[in-house]
Amino acid sequence: MNNTNTIKSKDKMSPHFLLVSHEGCHNKGCEALVRTCVDVIRKEYNNAMFTLASEYPEHDHCLMDVTGI
């Protein structure tokens, strides 16, 4: 398969990623890691969706602006 077909296939796919071990956005380093991971994955899979498993979901409203989480 050539690169063009691979890219087209990735654009059509909507993989779902589970992000785990997040301790909450009260820790700005953890927030930065989530945002970076999402950005890196989206470069490969434009339509990717994410589920964020968090120890402190009440602190994670700051990530609601990230599409797909």
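Annotations
- In the range 9-36, residue modelled with the highest pLDDT [restricted to those that are open to solvent by 60 Å² or more (accessible area, probe 1.4 Å) and in a loop (DSSP other than H, G, I, E, B)]: S14
- Residues that are open to solvent by less than 60 Å² (accessible area, probe 1.4 Å), among the hydrophobic types (A, V, I, L, M, F, W, C) and touching a strand residue (DSSP E or B) at 6+ places or on another chain (Cβ under 9 Å) within the range 38-64 comprise V38, I41, A48, F50, L52, A53, L63, listed in sequence order.
- Residues (assigned to a strand (DSSP E or B), within 11 Å of the chain's Cα centre (by Cα) and not aromatic (F, W, Y)) located in the range 37-69: M49, T51, L52
The values are calculated or read from the model by the stated rules, or taken from the named source; none is laboratory data. What you see is a predicted model, and the numbers here were worked out from it, not measured in a lab. Virtual Cβ from ideal backbone geometry, glycine too; neighbours counted across all protein chains shown. What goes into the accessible areas is simple: the full protein's heavy atoms, side chains included, and nothing from ligands, DNA or RNA. Shrake-Rupley method; radii C 1.70, N 1.55, O 1.52, S 1.80 Å.
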